[in-house]
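Contents: one structure, followed by commentary.
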Amino acid sequence: MEKIIIDCDPGIDDAMAILLAARSPSLQIIGLTSVFGNAAIETTTDNAVRLRDMFEIEAPVHVGARLPLSMTEDPLPTFVHGKDGLGDTRKLPSVGDPDGDSAANFIVETINANPHQVSIVALGRLTNLANALALDPGIAALTKQTVVMGGAFGFDQIRGNVTPCAEANIYGDPDAADQVCVSGWNTVFVGLDVTMKCIFDHQRLNRLRDSGDAACEFIADISRFYQSFYNSIGYRKGFPVHDASAMAYLIEPTFFKVASGPVRVATSGIAKGATIWSRQTGRDYAEDHWKGVAESTVCCDVVTDRLLNLVESTLLGNPKS
């Protein structure tokens, strides 16, 4: 069983990914760290605590960053996730407080206490990871792997979702994302190149809704808001499972086609938030900002049916691929 820290900003798709991990027999959640993004930090933290308590996930919740490294605040995507981050369903009861007030400290302490045994699944902005690196750069070498739901690399002509070249999580704190890229972390990018292909259709959502299972019914309820947004931009048959795809990589990486090479992030200008992968062709560039940067793994394709079957069956309590 693989130990994981889920760094998240719940978020409808985060909720699906967290419950997917909680129901996977191959994963053990040992911590949830919150970050701003899909909602303000107070809301994402509250949602993480509520998800943890309502669905009896035995893991502490630690509060993370409320702003990006630049300290600039972007508008919240309430049109995607609702004002409460969970589709404005008011489905989760009030609960207690988080367990700690420093996600970065928790990440550093946990990785150092469990060298080469813990993976991080980053489902939001990478600010907490950058702050953890600032406290202790040595954790990069001690983390088993860091799976990032983020980026857009242009495979199959799939581009950004907040600008023509940038994906939301990376765009939301490009400085932090670039620091993660150059840190030496064993990083896997599960970006829009694969997640936009994994469409959770109405039939699958209906099976969750009609299952009689509280967690599945909850996912179905909050996803109606999410589906409404995606329907408004042309996705008539369902919605992409962004964060659950990143979690699925940890469960069954063989579903993914990958490439490797150093990745950097543009931190300003018209390409802000763009994830740029060097294919390492051996060519010398006039300005080689990728030279000396450790290789990342970039997911470039996925067996969609097998991934979607895995997500659905695991949520329903019958994990299979």
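So the values come out like this:
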{"quantity": "In the range 150-174, residue surrounded by the fewest Cβ atoms within 10 Å (Cβ to Cβ) [restricted to those that are among the aliphatic types (A, V, I, L, M) and either in contact (Cβ under 8 Å) with a residue 40 or more places away in the chain or touching a Ser or Thr at 6+ places or on another chain (Cβ under 8 Å) (or both)]", "calculated": "Val162"}
{"quantity": "Conditions (1) of a type in the set (D, E, K, R); (2) out of contact with any strand residue (DSSP E or B) (no Cβ under 6 Å at 6 or more places or on another chain); (3) more than 30 Å from Ala130 (Cβ to Cβ); number of the one not met by Glu287", "calculated": "(3)"}
{"quantity": "Only listed residue being in contact with a helix residue (DSSP H, G or I) (Cβ under 7 Å, 6 or more places away or on another chain) and under 19 Å from Gly31 (Cβ atoms), chosen from Asn112, Asn161", "calculated": "Asn112"}
{"quantity": "Selected residue (only one of Leu129, Leu135 is under 24 Å from Ala246 (Cα atoms) and in contact (Cβ under 8 Å) with a residue 24 or more places away in the chain)", "calculated": "Leu129"}
{"quantity": "Residue in the range 249-263 that is part of a loop (DSSP other than H, G, I, E, B) and in contact with a strand residue (DSSP E or B) (Cβ under 7 Å, 6 or more places away or on another chain) present", "calculated": "yes"}
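Bear in mind that the values in this text are calculations on the coordinates, not laboratory data. The shown structure was predicted, so the numbers you read here are calculated from the model rather than taken from an experiment. Neighbour counts run over all protein chains shown; Cβ positions are idealised from the backbone, glycine included.
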